[in-house]
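Working notes, beginning with the structure itself.
Each value in this text was obtained by applying a stated rule to the coordinates, not by laboratory testing. Since the model is a prediction, treat every value here as computed from it, not as a measurement. FYI the Cβ positions are ideal-geometry reconstructions off the backbone, even for glycines, and counts take in every protein chain you see.
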Amino acid sequence: MKNDIEQSHFLHYNLKSIAPTVARGEGIYLYDTSGKKYIDGTSGPVVCNIGHGVKEIGEAYAAQAEKVAYVFRSHFTSLPSENLATLIAEMAPKGLEGVFFVSSGSEGTEMAAKIAHQYYLEKNQVRKELVVSRWLSYHGITMGALSMSGHIQRRRNFVNSLLPYPKIPIPNCYRCPENKKYPTCNIACAYRLKETIQMVGEEYISAFIAEPVVGASAGAVSPPPEYYKIIREICDEFDILLIADEVMTGFGRTGLDFAIEHWNVTPDMIVFAKGASAGYYPLAGIIISDKIFRVLKGGKKGIFAPGHTYSGTPMAGAVGVKVIEYMRKHRLVENVNNLSGYLLDQLKTLYKHNIVGEIRGKGFLLGIEFVKDQKTREPFYSNECGEIAALIAKKAFEKGLILYPGGGCVDGIRGDHILIAPPFIIKKEEIDKIVSILNRSISEVENEVL
């Protein structure tokens, strides 16, 4: 391994330095080549739900590779793909039964937008192609997915190339976009969708996409109880499809198979990724409603033909099936529900730090927003977006804890937050270690900046 950035041929995340080289993973831990041990406090980028080094998954991978690793879906189907689609359809809310596989969340959200457009094309509503999304959201890095995203920093360099998708504010009660307080606000943020549809024209809008819990770009912001019911009603009123982006929240992360179920709302499509394979193979996809399927099947050709080379391969199916079986065998979603309250309670002890503004989220997807003043909620004004969160994450990493820092949760520019999203296999004593390291890291940064 070349340790000099100038000698390495691999394009690293940070082009000015090389991260430590990983040697192996076991459970919630990662080990670098020097032998240093790290707690994976965020499951990578909220991916490794079942932990690292699970032998059963590797065995399933190897067994399928020996049979057949790849076929193209217009030539063959395969039992692993069929079985995985069945398992996912059984997990999904009632009425969502058609499953299409891709390789990443960005592909998945972009495909959902295309499906929405195709749905209305088949109904001769050819102008319905815009997707309404939300500011401070993140739906992926491809141009179509980034067009839907409201992540200011990631959009900035590509604004002139992005599609003109309308956006509304996220439902953040800690920093209400309406400058009101719940519940006297009457959930005004949800009705921004109706206003936007009326201003743009319902004849131009195909769908509304939202992360049930806003993850990377806002630090686990969760809406009030009434929010998604109102959103669903507005979508129905104007004949607009509702897409739940469950790339980060799906497959048990919040304590239910899909996070949208917390609000007793059924979307028209669900996009999934990350936890579907728990990092053991590139796997993502879209679940569509029977309503959409009937229209597509009854269309001009009855063909669903998005051209993804690695869509629905036997390898992806085999790994995905084994991950679900492993989660069920070891009752991992049950463990999320059993320990999520403990994790939240332990994190709440960090309110003793004046720079801790809010601790929020659901299940094993929790966020901490950092502020200059706890009482006034004044954010830090840094030279770089998310600089304080990055500093806390850096100090934690030095102590053997991996966190997921972010910035811009206030207005796209100001604001610091981190995600805590451990693997589902974590134990109480390991939660205590996470909070202990986090406490020391916050203390050090607090002493430096206040």
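Data overview
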quantity: Lys394/Asn264 FRET efficiency (R0 51 Å; Cβ-Cβ; nearest 0.05); calculated: 0.80
quantity: Helix-derived mean residue ellipticity, 222 nm - over the chain, DSSP H n ≥ 4, -39500 (n - 2.57), to 500; calculated: -11000 deg cm²/dmol
quantity: Ascending count of other beta-carbon atoms within 10 Å, so fewest first, for Val71, Val321; calculated: Val71, Val321
quantity: Ranked Cys385, Cys176, Cys235, criterion: other C-beta atoms within 10 Å, fewest first; calculated: Cys176, Cys385, Cys235
quantity: Size-normalised alpha-carbon gyration radius of segment 130-286, reference 2.2 N^0.38 Å; calculated: 1.00
quantity: Kirkwood Rh (inverse of mean 1/r, distinct Cα pairs), the chain, angstrom; calculated: 22.7 Å
quantity: Rg in Å to one decimal, and Dmax rounded to a whole Å, for segment 303-446 via C-alpha atoms; calculated: 18.7, 59
quantity: Backbone N within segment 345-371 under 17 Å of label point (7 Å from Lys181 Cα along the Cβ vector); calculated: none
quantity: Quarter of Cα convex hull surface for segment 212-322, i.e. mean projection, nm²; calculated: 8.7 nm²
quantity: Percent of C-alpha pairs per 5 Å bin, segment 117-204, short to long; calculated: 3, 14, 20, 18, 19, 15, 7, 4, 1
quantity: Rough spin-label spacing in nm, given labels placed 7 Å along Cα→Cβ, for Ala63 and Tyr342; calculated: 3.2 nm
quantity: Distance histogram in 10 Å bins (all Cα pairs of segment 256-377, percent per bin); calculated: 10, 26, 29, 20, 11, 4, 0
quantity: Base-10 log of normalised Debye intensity for segment 185-263 (one unit scatterer per alpha-carbon) at q = 0.20 Å⁻¹; calculated: -0.92
quantity: Alpha-carbon Rg/Rh ratio, for segment 411-450, with Rh computed the Kirkwood way; calculated: 1.10
quantity: Inter-probe distance in nm under a simple model that places probes 7 Å from Cα toward Cβ, at Lys291 and Asn160; calculated: 4.1 nm
quantity: The chain, dipole about Cα centre (Lys/Arg Cβ +1, Asp/Glu Cβ -1), debye to the nearest 20; calculated: 60 debye
quantity: Rule-of-thumb Rg ratio for segment 356-420 [Cα; 2.2 N^0.38 Å; N residues]; calculated: 1.06
quantity: Label-point separation in nm, Leu11 to Glu195, each point 7 Å along Cα→Cβ; calculated: 4.1 nm
quantity: Antiparallel bridges, percent of DSSP beta bridges restricted to the chain (to nearest 5); calculated: 70 percent
quantity: Potential lengthening between Asp4 and Arg440 on full extension [0.36 nm per residue; Cα-Cα distance subtracted]; calculated: 153.9 nm
quantity: Once the Cα gyration tensor of segment 232-282 is diagonalised, semi-axes √(5λ) in Å; calculated: 25, 12, 5
quantity: Residue order, fewest to most surrounding Cβ atoms within 10 angstrom, among Cys48, Cys409, Cys173; calculated: Cys173, Cys48, Cys409
